[in-house]
Amino acid sequence: MVFYHEGLARWNITSNAIEVFNEKQGLLSSSIYNIAKDDKNNIWFGTNSGLSVFNADKKVFINYTVNDGIQSNEFNGFAVCETPRNIYFGGVAGFNIISKNPAGIFKPFPYVAISQVSYISGNGYVPYQNADGKITLKNFQNNIIINYASLDFSTNHRTQYAYKMEGIDKTWIMNGSANSVAYTNLGPGNYTFKVKAVNPEFTGEPKITSLPIRIIPAWYQTVLFKILVVLFSAFIIFMFIRMFFKARLKQQRIAYERQLAIQNERQRISAEIHDDIGAGLSGVRLLTELTGKKIENKETQEEVNKIYSSITDLSSKMREVIWTLNSSNDTLENLLLYIQRQAKQLLENSNIKLSVSMPGNIPAIEMGSEKRTDIYLSVKEALHNALKHSGAEKVELTFAAENNRLYITVRDNGKGIQSTQSNDGNGMLNMKKRMSRLGGIIDVKNDNGTTIQFYVPLK
Amino acid sequence: MDISISLVEDNKAFRESLVQLITSTEGFVLLTEYGNAEKALQLSKDHPDIAIIDIELPGMSGIDLIKKLQAENNSTQYLVCSSYDDDDRIFSALQAGASGYITKSSTSTQIIDAIKELYNGGSPMSPYIARRVIDSFQKKKNKDELLLSDREKEVLQLLSKGLLYKEIAEQLFISYETVKKHLKNIYQKLHVQNKVEAINKFKLL
């Protein structure tokens, strides 16, 4: 071991390695005046800044200054004297006696006691008073100071501490030799404050002192409250949604009721027309027919027949209107059967043979009066054309309802449609207009006669 | 042998025309005419061969009238008259005991034919009515109810599709007359069905 003003060098004889120690490694000062060894293999140094002891195993220095009671920080070179029991270091103000068998220098970790926990209240700190050893604070008492000290009075002012608040600090925090730590704005919850001494010269395991601290949540911070808030919000949202749907439902109901009122009104009109006027007209018609039969004079008979035709037309039109107005006819089945019946009537006094093909099972689909009328009048127009213009012998009327579509075909075996006639005539225009109004299609083909196909979407 | 006919019709103009028709047709005799069902309850005393009854009457309906008159059992056959022939009430009337129907838009010829056919044992039926009959029999699935025979079902099916009696006869390889006979039986089953229903209801009391 060699010393000089630059610090301390250590020469390991066996390995031939040299280590240098100075302030960086904890040596109080590199200017070393005295050196001696005690019985515990610690090396003592007198420097110009104080007394230093070095433990070769731990490579740790402990330093003493005037504050610790030595004669002065400055020692004198070569002012060393040894007796069997002590070492004497001389300095500028006197000398210090160092026991060769010092107790308690490199000693085990001391226990750190927590002396007080205070919280801010008003303008000052109030110590926490409670006998049971647990700290329970209210949520507004969450700015605290914890005071602690190691129970080792000899090195008290040089004990280095580290602390950690479980729940806040992720790692141990070095606090130097400070004896307190403050925490502000602690949230509600359970914490554990831990503190320990960390001086490197201590041996063994550090003794950790723990203190559980609990901050009681305010009523608005509790889990229960939060759950209630969530539930309440959910409830509010639910009520709003419900209100919205109810309003909408109400709207729908009003619209529906309005529709129903219209329908009922129609029904009423239809019934009124039909009862008296309809029956009366039928009577007149029948009478006219009977009268016509009786007349022998050809001319007069012709005229009466004209009257009869007019009444028949009138009667027929009125029945059509009644059929349209009567909402109990608002079904697909009713429409198809009606068309069939009217077709039969239209063609029964002609030379044309009518054959009708109806599906065995007609789906139960509702159909409003406008739609029914449009479809019926379109097919009627097609049949009328076949009757008046085709010169056909046979007419086939086919119905089919599938894939949510209605297919109606009117096919005759007459002379077909000339293109001049076809797309210009009022009848054709009307048919097209009606079909497009329904979102349907009309398809006219010539093959061995005329084939007119109607496609109407159902629903 | 003249066919005696009674009328129950509330619309004056139409009743007049029917009267005119009957009186001007050979072989027909007008027995009595009534303006409403209440007055017509005594119709059975008149014993007409055919009674033409309007479905739509003020007060008691034509259907109820037929039910009451039928119960008094006589040889009168009932022809029901309605404004249009897809009326559900026609079917009810048939169940109540009517055996045929005419519409107010029928021509004089059609009316005359219907009366004659009924008198001669026929039973006119339209595709619409055929459907209703099928539905009605399908609904009754009880053991002691009268069911339609397979042949009768076939006839009804074809009829509901719109085939004429002639065409049905062709398709089923039976005669025209046989078709008509099947229809007559169907009607009778309808009536009986109705009676059985009434009896069952009575049993439950």
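The values are calculated or read from the model by the stated rules, or taken from the named source; none is laboratory data. All values reported here derive from a predicted model rather than from experimental measurement. Cβ sites come from the backbone with ideal geometry, for glycine too, and all protein chains shown count toward neighbours. With ligands, DNA and RNA removed, areas are computed over all heavy atoms of the protein, side chains included. Shrake-Rupley method; radii C 1.70, N 1.55, O 1.52, S 1.80 Å.
Observations
- Take the conditions (1) open to solvent by 30 Å² or more (accessible area, probe 1.4 Å); (2) part of a helix (DSSP H, G or I); (3) of a type in the set (Asp, Glu); residue A:296 misses just one of them, which is (2).
- Strands (runs of 3 or more DSSP E) fully within region A:1-117 that include at least 1 residues being modelled with pLDDT of 80 or more: A:32-37, A:42-47, A:51-55, A:60-64, A:75-82, A:86-91, A:94-99.
- Residue check, residue B:154 touching a helix residue (DSSP H, G or I) at 6+ places or on another chain (Cβ under 8 Å), within 24 Å of residue A:361 (Cα to Cα) and of a type in the set (Asp, Glu): yes
- Some residue of region B:8-26 being over 19 Å from residue A:293 (Cβ atoms) and of a type in the set (S, T, N, Q): yes
- Some residue of region A:284-296 being more than 17 Å from residue A:375 (Cα to Cα), away from every other protein chain (no Cβ under 12 Å) and out of contact with any Pro (no Cβ under 6 Å at 6 or more places or on another chain): yes
- Residue ranges of strands (runs of 3 or more DSSP E) in region B:1-102 with at least 1 members facing chain A (nearest Cβ under 10 Å) and open to solvent by less than 40 Å² (accessible area, probe 1.4 Å): B:50-54, B:77-82
- Restricting A:366, A:348 to those that are modelled with pLDDT of 85 or more, among the acidic types (Asp, Glu) and open to solvent by 20 Å² or more (accessible area, probe 1.4 Å) reduces the list to A:366.
- Test: residue A:392 is assigned to a loop (DSSP other than H, G, I, E, B), hydrophobic (A, V, I, L, M, F, W, C), under 30 Å from residue B:109 (Cα atoms) and free of Cβ contacts under 8 Å to residues at least 60 places away in the same chain: yes
- Among the residues of region A:350-365, those identified as more than 10 Å from every other protein chain (Cβ to nearest Cβ) and in contact with a strand residue (DSSP E or B) (Cβ under 6 Å, 6 or more places away or on another chain) are A:352, A:353, A:363.
- Test: residue in region A:317-324 that is open to solvent by less than 80 Å² (accessible area, probe 1.4 Å), polar (S, T, N, Q) and without any contact (Cβ under 8 Å) to a residue 12 or more places away in the chain: no
- Exactly one residue out of A:235, A:225 is farther than 30 Å from residue A:141 by Cα and surrounded by 10 or more Cβ atoms within 10 Å (Cβ to Cβ): that is A:235.
- Listed by position, the strands (runs of 3 or more DSSP E) inside region A:153-217 whose residues that are touching a residue at least 24 places away in the same chain (Cβ under 8 Å) and crowded, with 16+ Cβ neighbours inside 10 Å number at least 2 are A:161-166, A:180-183, A:189-197, A:209-215.
- Region A:125-140 residues that are within 17 Å of residue A:193 (Cα to Cα), paired with ones that are modelled with pLDDT of 75 or more and of a type in the set (D, E, K, R) (beta carbon under 9 Å, 6 or more apart): A:134/A:214; A:135/A:214; A:136/A:214; A:137/A:214
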